[in-house]
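A short write-up of the structure that comes next.
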Amino acid sequence: MIQSQLPPQMHVFVRDWLSANHVILRSEAGAVVIDSGYAKHVPLMLALVASRTGLDGRPLAKVINTHCHSDHIGGNAALRRAYGCTIAVPRGEAPLIAAWDERALLYAYADQRAERFGVDEILAPGSTHVWGDLQWRALAAPGHATGALVFFNDEHRILISGDALWEHGFGIVMPPEVDPGALPATRATLEMIAGLDARHVIPGHGEPFADVEAALERAFARASAFEADAMRTVRHVLKALLVFSLLDRERMALDELPGYVGRVGVFRDFNAMYFRLPPAQLAEKLVGELERAGAVHRADGWLMPRR
Ligand SMILES: [Zn+2]
């Protein structure tokens with residue numbers, strides 16, 4: 001899908017795996033932005049948002065989050081400082097933000113950074129909103145995040161899917177021992193999305209896409225693979241989180257990796273729960289699998305992401 005197929009008041013900034021995409025919806029009532037990226041990219045995000053808001057003298061009125069992982073909310077506080085805008089989060093995520101639950105939100109627990117912010121508006125599943133002169137239904141999309149929402153516009157059949165559906169997969173899902181409801185919810189969310197008959201999907205990461213059926217087929221296949229093999233889910237979570245940290249840090253010293261997986265909460269706890277390996281062996285296992293998948297490479301004592 002190309003930008004020209006979207007309503008003119010809608011603009012998508014496609015970002016990367018460290019920062020979620022930003023969706024801008026402009027209107028007379030003021031622009032809104034959906035998802036604000038990761039803390040590291042705040043200056044770039046502010047420049048991108050400024051390039052599309054205020055063009056008609058209407059600054060940013062609101063920032064909205066599909067869910068509250070660090071790569072979606074990292075610019076919330078900065079946007080409020082810059083524009084005095086309000087912040088709206090899904091109802092299921094609001095208590096975690098109020099408590100700043102760094103474990104449930106995978107912040108410090110997964111070695112991720114986020115600037116704390118307050119919530120002005122709570123988005124209930126099933127509620128309807130007018131953003132950018134378009135009607136959006138907020139639909140519960142649990143799985144990757146329990147409280148996640150997706151936003152659907154019936155008129156143009158556009159789905160803003162967050163991390164519930166990407167062109168090739170979906171965001172990490174916790175294994176059954178950690179959250180027994182996560183995988184069943186993931187499947188139910190995919191079924192809900194299949195029932196929408198969306199024409200365009202704007203995912204949290206990657207290019208917007210129109211072949212929704214093929215994406216759903218791949219997502220259902222991935223869900224089945226996770227359902228069939230809990231350890232695959234466990235390894236996928238840790239590998240995805242390690243790559244995220246690597247993108248954040250840009251490189252990590254290989255000889256510090258055992259200390260890292262022994263220290264950072266999610267690696268330490270998953271190791272105790274599932275692998276019971278010396279940290280150096282767990283680090284080698286994860287790095288080896290990522291290397292074979294072409295996601296990372298080692299050079300001169302450093303581990304680096306392949307971009
Ligand atoms: Zn994300």
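Just one of the listed residues (VAL261, VAL266, VAL243) is closer than 21 Å to TRP17 by Cβ, of a type in the set (Val, Ile, Thr) and either without any contact (Cβ under 8 Å) to a residue 60 or more places away in the chain or open to solvent by 40 Å² or more (accessible area, probe 1.4 Å) (or both), and it is VAL261.
If we scan segment 97-114, do we find a residue that is open to solvent by less than 10 Å² (accessible area, probe 1.4 Å) and of a type in the set (Gly, Ala, Ser)? Yes, the conditions are met somewhere in segment 97-114.
Of all residues in segment 220-229, none are in a helix (DSSP H, G or I), away from the ligand (no atom under 16 Å from the Cβ), of a type in the set (D, E, K, R) and closer than 29 Å to TRP131 by Cβ. Residues in segment 181-192 that are within 17 Å of ALA138 (Cβ to Cβ) and either under 17 Å from the mean Cα position of the chain (by Cα) or free of Cβ contacts under 8 Å to residues at least 24 places away in the same chain (or both): ALA185, THR189. Kindly indicate whether SER19 is closer than 22 Å to LEU238 by Cβ and either modelled with pLDDT of 95 or more or of a type in the set (A, V, I, L, M) (or both). Yes. Across segment 279-297, the number of residues qualifying as assigned to a helix (DSSP H, G or I) and either touching a Cys at 6+ places or on another chain (Cβ under 9 Å) or of a type outside the set (S, T, N, Q) (or both) comes to 13.
Scanning segment 141-161 for residues that are buried (at least 20 other Cβ atoms within 10 Å of the Cβ), closer than 14 Å to LEU196 by Cβ and either touching a residue at least 60 places away in the same chain (Cβ under 8 Å) or within 14 Å of the ligand (Cβ to nearest atom) (or both) yields a total of 7. Among the residues of segment 221-235, those identified as in contact with a Lys or Arg (Cβ under 9 Å, 6 or more places away or on another chain) and open to solvent by 30 Å² or more (accessible area, probe 1.4 Å) are SER224, GLU227, ARG235. The set of residues in segment 69-86 that are of a type in the set (A, V, I, L, M) and either within 16 Å of the ligand (Cβ to nearest atom) or touching a Gly at 6+ places or on another chain (Cβ under 7 Å) (or both) contains only ILE73. Residues in segment 99-155 that are of a type in the set (Lys, Arg) and farther than 19 Å from ILE202 by Cα: ARG103, ARG113, ARG116. Being within 14 Å of the ligand (Cβ to nearest atom) and in a loop (DSSP other than H, G, I, E, B) is the filter; apply it to segment 169-213 and report the residue that is farthest from GLN5 (Cα to Cα). Step by step, filter segment 169-213, then rank; the result is VAL173.
The residues on offer are VAL89, VAL32, and the sole one that is away from the ligand (no atom under 16 Å from the Cβ) and buried (at least 20 other Cβ atoms within 10 Å of the Cβ) is VAL32. If only residues of segment 105-140 that are free of Cβ contacts under 8 Å to residues at least 60 places away in the same chain and under 22 Å from PHE209 (Cα atoms) are counted, the one that is farthest from the ligand (Cβ to nearest atom) is GLN135. For the residues GLU167, GLU177, the requirement of being of a type in the set (Asp, Glu), touching a Phe, Trp or Tyr at 6+ places or on another chain (Cβ under 6 Å) and over 30 Å from ARG58 (Cβ atoms) singles out GLU167.
The values are calculated or read from the model by the stated rules, or taken from the named source; none is laboratory data. Being a predicted model, the structure only gives us computed values, none of them experimental. Ideal geometry is used to build each Cβ from the backbone, glycine not excepted, and the neighbour counts take in all protein chains shown. Surface areas here come from the heavy atoms of the whole protein model, side chains and all, with no ligands, DNA or RNA. Shrake-Rupley method; radii C 1.70, N 1.55, O 1.52, S 1.80 Å.
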